[in-house]
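All of the numbers you see were taken from the coordinates with simple rules; none came from a lab. These numbers were taken from a predicted model, which means no experiment stands behind them. Note that each Cβ is placed from the backbone with ideal geometry, even for glycine, and that neighbours are counted across all protein chains shown.
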Amino acid sequence: MSTNVFDTLMERGFIAQTTHEEKIRELLGNEKVTFYIGFDPTADSLHVGHLLQLIVMSHMQKAGHKPIALIGGGTAMVGDPSGRTDMRKMLTQEEINYNGSRFRDQMKGLVDFGEGRAIMVNNGDWLLNLNYVSFLREIGVHFSVNRMLSAECFKSRLERGLSFIEFNYMLMQSYDFLKLYQDYGCKMQLGGDDQWSNILGGVDLIRRVEGDEAYGMTFQLLTTSEGKKMGKTQSGAVWLDPSKTSPYDFYQYWRNVDDADVIKCLKLLTFIPMSEIEKMAQWKDAQINEAKKILAYEVTKIVHGEAEAQKAKEAAEALFGQGGSKESIPTVKISRDVLGEGMKVIDLLAETGLVPSKGEGRRLIQQGGLYVNENRVDSMDLIITAADFSDNEIMVRKGKKTFHRVVLE
């Protein structure tokens, strides 16, 4: 007898809140359920926080349920106030459409959009041409302002100011759920726990308009053991797009998670069976590093494919003295003509793009975080010459773990 996907999600630590726990478990055990998760295209790539949602979608799909991936081409025009202390930057429709197209490409690696397996829709198709007065009469009439103001997503914003455009967001997302229920028989909305209020709005709207029961379930946000959101580095978010976060840097991010977070990440972000993860949970000291390598490899494989995961693994092993191929290490080139008789290290960093600006390079040196061939750089005026290149390359390290090869051509 196959395992109910609800039990799988519960065992792996995904579930935060449900509207009707027993009914949802029964439904997922007895029926093929159409469900949806929404993704607002506010950037041109999905990030690590979205990855958890896509993994859930994959678990559900493998259990026979049908995902709808909703691209928020309409809702992104307004901006979700959930989890925000300020208003989001307003995007143009062209930016939103471009971002949405990038999302679609990235999702295809994690969710099977083959014939009848999953659906992808854009809520801009029905939200952007709504008649406002008709929408207020048909949908707005079902919402109590008092109840909306008590919702967590609005409460935290009231003191600092909540714009009227954002106040509409809950109505629009609730309408999405109603529309998907009517058009596709979608009975369930899933999302991060910061979406709880919006999901409840949709469940309530379906009950009032259609007289039927719909369901909602939220997942734990991807946070560290200290409660901080994962997926942030000093240089910004950890993206799924390889041109924004290279597969090597992506691998290194997971390779370097805190010991306390490894098992949680293995449960949430890989498909490794729980029996194996439970064995790893008993590992101590040096073995924990092995668990981190497994985590890094598996998550990189899910997002970037097996070949890129293998290259990233070999690059890391080459750097940490376990053999492997140096060719996999992120590499930049500099010509002999540009290097000339020698170049200040700060200019070399800027020339090769290893730091976004010379100011950033100065800060790195002042903080003692820059190494060339494992020698710490203590002076802004250090000159790098051709003699520093062994076999036409030097190794530059930023901080503890970020390595780059600079090759002299």
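Taking every pair of distinct Cα atoms and averaging 1/r, then inverting, what Kirkwood hydrodynamic radius in Å comes out for the chain? Result for the chain stands at 23.7 Å. Dimensions of region 13-148 from C-alpha coordinates, computed as largest minus smallest value along each principal axis and given longest first, are 41, 35, 32 Å.
Computed on the Cα atoms alone, the convex hull of region 331-408 gives a volume of 78 cubic angstrom per residue. Cross-link reach is defined here as a Cα-Cα straight distance under 16 Å, omitting same-chain residues fewer than 8 places apart; for Lys23 the lysines meeting it are Lys32, Lys187. Working note: Karplus 6.51/-1.76/1.60 with θ = phi - 60° gives region 213-225 the couplings 9, 10, 9, x, 8, 10, 10, 4, 6, 7, 10, 7, 5 Hz, where Gly and Pro are set to x. Helix 169-184 versus the longest principal axis of the chain: what is the Cα-based angle in degrees, 0 to 90, to the nearest 10? Value to nearest ten degrees: 70. Spatially, region 43-72 and region 118-163 are offset by 23 Å when compared through their Cα centroids. Across every direction, the projection of the convex hull enclosing the Cα atoms of region 232-324 has a mean area of 6.1 nm². Backbone amide hydrogens, once placed in the peptide plane, bring Thr223 within less than 5 Å of Met230, excluding anything fewer than 5 places away on its chain. Determine the percent antiparallel among the DSSP beta bridges restricted to the chain, to the nearest 5. Taking every DSSP beta bridge with both residues in the chain, the antiparallel ones total about 50 percent. In order along region 19-30, the phi-based Karplus estimate (6.51 cos²θ - 1.76 cosθ + 1.60, θ = phi - 60°) of 3J(HN,Hα) comes to 6, 8, 4, 5, 5, 5, 4, 5, 4, 5, x, 10 Hz; Gly and Pro are listed as x.
Temperature 37 °C, viscosity 0.692 mPa s: under these conditions the Stokes-Einstein estimate for region 254-373, based on its Kirkwood radius over C-alpha pairs, is 193 µm² per second. Listed peptides 378-389, 339-350, 189-200 appear in the order 189-200, 339-350, 378-389 once ranked by packing, highest mean of other Cβ atoms within 10 Å at the front.
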